[in-house]
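The block underneath contains the structure these notes are about, expressed in structure tokens.
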Amino acid sequence: MHQKVIIVGGGNAALSGAIECEERGDDVTLFETSTAALRGGNSKYTRDIRYAHEEDEFTAGGYTKDELRKDLLGVSGGFDNPEVAELVIDRSQEMAEWMRKHNITFKKEIRGTLSLSRTNAFFMGGGRVLVDTYYKLIKRLHVKIFYEAPIVSISIANGVVNGITAMIDNREKQFTADRYIFASGGYEANKQWLSKFWGESVKNIKIRGSRYNTGIPLRSLIENGALMCGSEKAGHMVAVDTRSPEFDAGIVSRIDAIPWGIVINKNVERFYDEGEDIWPKRYAIWGRLVAEQDSQLAYAIIDNKSIGKFMPTAYPSIDAYSIDELADNIGLKAQDLSHLISDFNGGIVKKDDDVFNWSNHKLAIPKSHWAVPINTPPYHAYPLSPGLTFTYQGIRINRTGRVVLKDGELENGFAAGEIASGNVLRSGYLAGFGLTIGTTLGRLAGGWEND
Amino acid sequence: MIEGNNSTPEAIRQMSICNACRYCEGYCAVWDAIEFKPVLNKGYISHLANLCHDCRDCFYACPYNDPDHEFKLNIPRVLGQVQVETYYANIRPKSMKFALERPILFTSLSAFIAVILVMVYSSLLFGLNKISTLPMTTIIPVSLFKPATIAIYLYTLVIWSWEALSYWSEINEGKRFTASGVMRGVYDAFFYRNFLGGGTGCKVPGENNKYFRLTAHSLVFFGFIVALISISFYPNIFGYVGITYFLGSLAISIGTVALIYIHITEDRGSRSQKQSSLDYAFTVLLFFAGITGLLIPISTGTNWFNWNFLIHDALIAVVFLIAPFSKFIHPVFRLISLIKYRSDSYRL
Ligand SMILES: Cc1cc2nc3c(=O)[nH]c(=O)nc-3n(C[C@H](O)[C@H](O)[C@H](O)COP(=O)(O)OP(=O)(O)OC[C@H]3O[C@@H](n4cnc5c(N)ncnc54)[C@H](O)[C@@H]3O)c2cc1C
Ligand code: SF4
Ligand code: SF4
């Protein structure tokens, strides 16, 4: 069956592309591998965007392109594809207004996440509302949507996409189009692929986002000679609650308690400075740190004073009125834990009244800030696992949004969103930029004037 | 969906997930109030439940509401269940609990008995054939009407206060109301601040609705107040007062029809069924009260005027008599929770 435009994926990048195409008069057919109820990929777990702006009504102040560029370089160390990175930075300026025009409601004021209030705008209801709003819109624009229709292969010859194969009702079906937009996200939910880097331990890694992001279109493009970009092995990984489901826990499984206590592994050893002054910028390092421990398991331990200092947790803490009892409850050696905590409490130096300046440098691994003594029962423990947010590696594109091949470019094939985020963020992550990459590149692929 | 009698643990499970998420911040007071409590307890869940007016914005916004998702969240339903359980726990006298358990039976029986009583009473006093011809003030003299209505109002207020105190002792956490909290809370309640869902409206009866229920609910609410003020002029219920009474009744009638329509068409799965039948019983009663009120000016001069007026009075009396044992606990508990919420936030 021949279509005008085929879009692979059903998250923010795909939807932004679909809206742009339709508004330019190009009919779109969209393939989403998930059921209708679970549509929207990782985009349904988001809640804010980061974009360069002058003072506006959605944020607490202006944020220049230079600042944004500096922040991006700060987390990633450098751009893999400066041309595309600059384009995204530049076009991010139009994003909030475009979203509002397409029925997204922004919050006027935000609380809680103050560190982001100037740079990021928060939309009402979060990502589920974002994608549902766009789905309603593209339905009105007569986009044809196939659900439960994974794309299993892409056929490419001589720099041209000749067609795609979709699985529909357990049967392979071919589709062709004038133009193809690949917006199927990363491969973070593909445990087999991940085991290339993580081996056996992959079974203990939680996938925070959609179980449907298995990266099949990405792999097919790579096999067809597309150039890659973004760091291959790594992904964005944070510490999440061990009790959370293997996939799709979204934002709620993360554990923010770490700076307020100590973190130990199964052998009751600390393995990193919990008080390093990086929070919240690089709190993601804790995902990798936990992944490196025996059984990919660790415990954050705090006392009752610290409750209320960090975001509440989805699962209740494991509680006890003595350290021994706590060790029993989580199955650790009571004696070791008592020793560790008395060493920790004993060596704390309080420079002044600000707990930020409380530290313990007598330990083999120091705790450099927030060294609050653990001495006020009840004590609380949270079991930690690594939680993968997304993978970094994707497809290289050029400034028209087209996929770059080893020899040339795809004349009629574009990539947008997570699948192409490596062009901007080779590794590391800046809160709120995933959607910005998706919206700007999605619109670019949809024909947004490329001047 | 089977509903047990203690939904609090399930509500705590679900709301703890929300507390780690808070994407719904901005939809209603629940999402502001939850930020004061990193660890939720029973009293606070009851408070949150009465702050929820079941607009379902948070249900449709939630990526965890799919029945196949391990979290299985449905905040409006679980809070609706807890809300009804706070009525059960704080109804006074406690022996009236059965009225909440069988709301449709209780309401229709009360209405039926009241109508029969009024008819029997007036027939015995004046004779069945005379009723339609005697002047209304002979059947219900002002000297009876005024003290009777005042007595009924007082009775309702006393029981409401008794229940309110009980509810307040469940949720107060040893804190007090503040003066500005009271003012703001009352303001919120009257001006439906929370109904607006942070600008996105109220998704009842379905996902694509916005202001349908707001309109229906405020027609009933303000219609009721207008009618209440008008009737206090009895027996001068003609002329201007007649017009306002008519308009009040009209608003109640239209509003209740819309609410009944919501009840019939809405998606069953998203609602607490106990809550649903409480709503339904009381809405239907109000509908009949509204319709008979509407007929007062229409029937003026005909020989069924008196009959209609008597039935109408009986129904209105029932509304007040059973208010503390019905859905009409809701305005009281909701107001208390709104005032607590406002008092808490202004203490910060
Ligand atoms: C918990 C969490 C919170 C986040 N919070 C934010 C935030 O607040 N702000 C922000 O900017 N970013 C956030 N991100 C990152 C953000 O989610 C992503 O960067 C962004 O959603 C990527 O959009 P996308 O459209 O490229 O991919 P996705 O939204 O993941 O969409 C990919 C789509 O492709 C479909 N698909 C996959 N394989 C196939 C196939 N073979 N055939 C057909 N379809 C397929 C999927 O079903 C899905 O619909 C968050 C991520 C997570 C996990
Ligand atoms: S209802 Fe869902 S989206 Fe809303 S706060 Fe709770 S968990 Fe988050
Ligand atoms: S259903 Fe509406 S009123 Fe109830 S908690 Fe959710 S957003 Fe608030």
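FYI, it's all coordinate maths here, none of it is from the lab. Not measured: the values here are computed from a predicted model. Every residue, glycine among them, receives a Cβ derived from its backbone with ideal geometry; neighbour counts consider all protein chains shown.
What does the net charge come to around A:VAL131 if you take all other residues with beta carbon closer than 13 Å to its beta carbon, with K and R at +1 and D and E at -1? Intermediate results must be reported in sequence, preceding the final value.
Details: positive: A:ARG39, A:LYS44, A:ARG47, A:ARG128, A:LYS136, A:LYS139; negative: A:GLU32, A:ASP132.
Net charge around A:VAL131: +4.
Which residues make up the longest stretch of chain A that has no trypsin sites (Lys or Arg not before Pro) in a DSSP loop with at most 11 other Cβ atoms within 10 Å?
Working: sites that count: A:LYS351, A:LYS406.
Formally, the longest exposed-site-free interval is A:1-350.
Please compute the net charge surrounding A:GLY346, taking Lys and Arg as +1 and Asp and Glu as -1 over other residues with Cβ under 14 Å from its Cβ. Spell out each step's value before the answer.
Working: positive: A:LYS350, A:LYS362, A:LYS367; negative: A:ASP343.
Result for the local shell: +2.
In degrees from 0 to 90, rounded to the nearest 10, what is the angle of the helix A:82-91 Cα long axis to the longest principal axis of chain A?
Roughly 90 degrees, rounded to the nearest 10.
What FRET efficiency would be calculated for the residue pair B:LYS97, A:ILE168, taking the C-beta separation as r and a Förster radius of 56 Å, to the nearest 0.05?
Working: r = 55 Å, r/R0 = 0.99.
Here the calculated transfer efficiency is 0.50.
Can you work out the Karplus-derived ³J(HN,Hα) for every residue in segment A:132-139? Use 6.51 cos²θ - 1.76 cosθ + 1.60 with θ = phi - 60°, whole Hz, and x for glycine or proline.
Karplus values, whole Hz, x for Gly and Pro: 4, 4, 5, 4, 4, 5, 5, 5.
Under 1.5 on a/c is rounded, so check that first for chain B, then, if it is not, pick prolate when a/b is larger than b/c and oblate when it is not; a ≥ b ≥ c are the square roots of the alpha carbon gyration tensor eigenvalues. Walk me through the intermediate numbers first.
Working: a/c = 2.09, a/b = 1.95, b/c = 1.07.
It comes out prolate by the Cα gyration axes.
Using alpha carbons only, how many degrees (0 to 90, rounded to 10) separate the axis of helix A:334-346 from the longest principal axis of chain A?
80
Which whole DSSP H helices in chain B pass both tests: a Cα extent of 27 Å or more along the axis and a mean Kyte-Doolittle value no lower than -1.0?
Once both thresholds are applied, what remains is B:103-126, B:142-171, B:212-231, B:239-265, B:273-299.
What is the average number of partner chain Cβ atoms found within 10 Å of a Cβ in A:243-255?
What the average comes to for A:243-255 is 4.
Do any cysteines of chain B lack a neighbour Cys whose Cβ is under 4.7 Å away, and which are they?
By the Cβ distance rule, which asks for a partner under 4.7 Å, the isolated cysteines are B:CYS18, B:CYS21, B:CYS28, B:CYS52, B:CYS62.
Near A:LYS350, which lysines are there with a Cα under 21 Å away, not counting those fewer than 8 places off in the same chain?
List returned: A:LYS305, A:LYS309, A:LYS362, A:LYS367.
For B:GLU163, what is the net charge nearby, where nearby means another residue's Cβ is under 15 Å from its Cβ and Lys, Arg count +1, Asp, Glu -1?
Details: positive: B:ARG92, B:LYS94, B:LYS97, B:LYS327, B:ARG334; negative: B:GLU85, B:GLU170.
Overall, the nearby charge balance is +3.
Count the lysine pairs in chain B whose Cα atoms sit under 22 Å apart, keeping only pairs 8 or more residues apart in sequence or on different chains.
Close lysine pairs found across chain B: 20.
Can you return the lysines within cross-link range of A:LYS70? Criterion is Cα-Cα under 25 Å, with same-chain partners fewer than 8 residues away left out.
In chain and number order, the partners are A:LYS233, A:LYS281.
Grab the beta carbon distance between A:GLU200 and A:GLU232, set R0 = 25 Å, and tell me the FRET efficiency rounded to 0.05.
Values: r = 19 Å, r/R0 = 0.78.
That pair, A:GLU200 with A:GLU232, gives E of 0.80.
Which whole number gives the average count of other chain Cβ atoms within 10 Å of the Cβ atoms across peptide A:102-108?
The per-residue average across the peptide is 2.
Treating only the Cβ atoms of Lys and Arg (+1) and Asp and Glu (-1) as charged, compute the dipole magnitude of segment B:8-88 about its Cα centre; round to the nearest 20 debye. Can you show the working numbers first?
Values: 7 positive and 10 negative charges, 39 e Å.
So the dipole magnitude of segment B:8-88 works out to roughly 180 debye.
Go ahead and run the numbers for FRET between A:ARG100 and A:VAL152, Cβ-Cβ distance against an R0 of 41 Å, rounding to 0.05. List each step's numbers first, then the result.
Working: r = 37 Å, r/R0 = 0.90.
Result of the calculation: an efficiency of 0.65.
In degrees between 0 and 90, to the nearest 10, how far off the longest principal axis of chain A does helix A:65-76 point, with axes built from Cα atoms?
60
Using θ = phi - 60° and the Karplus form 6.51 cos²θ - 1.76 cosθ + 1.60, what ³J(HN,Hα) does each residue of segment A:434-445 get, whole Hz, x for Gly and Pro?
x, 5, 5, 4, x, 5, 5, 6, x, 5, 4, 5
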